[in-house]
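K.L.:
Okay, here's the structure, questions in a sec.
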Amino acid sequence: MQIWQEILNCFLPPRCRKCGKILKEDTGLCKSCYSKINFITEPYCQKCGHPFEFLTDVKGQMICGKCLKNNRSPFRLSRSAFIYDEESKNLVLNFKFNDRTENAKFFAKILLVAGQDIFTAGVDLIVPVPLHYTRLLKRRYNQSALLCSELSKLSGIKCDNLSLVRHQKTRPQVELSGIARQRNVHNVFSVKDVSAIKNRRILLIDDVLTTGATLRECTKALKHSGAKSVDTLTLARVI
Ligand SMILES: [Zn+2]
Ligand SMILES: [Zn+2]
């Protein structure tokens, strides 16, 4: 196995997923790109995962003001690996739209680290945010489902990309803002196989968390079908 990997590396050397530079070892990103990505590290809100920028020396369990005020959040825990900004944008967009599906393995490793608190709390099933079938036909793959499948291999937790469906076609959320995003995804998700979801602790996976409208609607459908709890894990989040 080792020898084949070495031969393969000679012909197809691993490259940095962001700048394309050849890497000695497949670490995903080169040192320079790695240092530019704003990974979310402690301190962050223990519930919603929002980073505390100005409290760098605070240790222990911290809950943000928003979570303290609104304890009716549908999610048990939310985590993201890095901040969605000019440095990380292309990495995410290339994976989503430009067929860079080979990056799923590397992203799944990052998700496994970013989601440690969630895995410790306990997860029974990993579920991706689904695409409407017409968009899936057009794009040929669902980036969130690819993340789920790789994360499932790493964590040993079952991935289910069939039970939650987007039964209604929607406009891309990126074209909309605020309340329009909420309206766009209102009641568009449903569960096809209730028995697969009932009493399960679900981990929902998506690429980017912006307003959370899509993840909230998915959660509504999952809880309606008896999900015990729903956590969310995304590659990036808009701060
Ligand atoms: Zn690089
Ligand atoms: Zn919070």
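K.L.:
How many residues are buried (at least 20 other Cβ atoms within 10 Å of the Cβ) and in a helix (DSSP H, G or I) if we restrict to the stretch 73-91?
P.N.:
Residues that pass the stated criteria total 1.
K.L.:
For the stretch 31-43, give me the residue count where each residue is open to solvent by 30 Å² or more (accessible area, probe 1.4 Å) and either more than 13 Å from ligand 1 (Cβ to nearest atom) or hydrophobic (A, V, I, L, M, F, W, C) (or both).
P.N.:
4
K.L.:
Gly28 fails exactly one of the following numbered conditions: (1) open to solvent by 20 Å² or more (accessible area, probe 1.4 Å); (2) at pLDDT below 90; (3) within 16 Å of ligand 1 (Cβ to nearest atom); (4) not in a helix (DSSP H, G or I). What is the number of that condition?
P.N.:
Against the list (1) open to solvent by 20 Å² or more (accessible area, probe 1.4 Å); (2) at pLDDT below 90; (3) within 16 Å of ligand 1 (Cβ to nearest atom); (4) not in a helix (DSSP H, G or I), Gly28 comes up short only on (1).
K.L.:
Moving to a separate point now. Residues that are open to solvent by 80 Å² or more (accessible area, probe 1.4 Å) and free of Cβ contacts under 8 Å to residues at least 24 places away in the same chain: which helices (runs of 4 or more DSSP H) entirely in the stretch 155-225 hold 1 or more of them?
P.N.:
Ranges flagged: 179-185, 194-197.
K.L.:
Among (1) more than 16 Å from ligand 1 (Cβ to nearest atom); (2) within 28 Å of Pro13 (Cβ to Cβ); (3) of a type in the set (Phe, Trp, Tyr), which single condition is Phe107 missing?
P.N.:
With (1) more than 16 Å from ligand 1 (Cβ to nearest atom); (2) within 28 Å of Pro13 (Cβ to Cβ); (3) of a type in the set (Phe, Trp, Tyr) applied to Phe107, the lone miss is (1).
K.L.:
Check off (1) open to solvent by less than 50 Å² (accessible area, probe 1.4 Å); (2) among the aliphatic types (A, V, I, L, M); (3) at pLDDT below 85; (4) assigned to a helix (DSSP H, G or I) for Val58 and give me the number that stays unchecked.
P.N.:
All conditions are met except number (4).
The values are calculated or read from the model by the stated rules, or taken from the named source; none is laboratory data. As the structure is a computational prediction, the values presented were derived from the model and not from experiment. Heads up, the Cβs are rebuilt from the backbone with ideal geometry, glycines too, and the neighbour counts pull from every protein chain shown. Note: areas computed on protein heavy atoms with side chains; ligands, DNA, RNA excluded. Shrake-Rupley method; radii C 1.70, N 1.55, O 1.52, S 1.80 Å.
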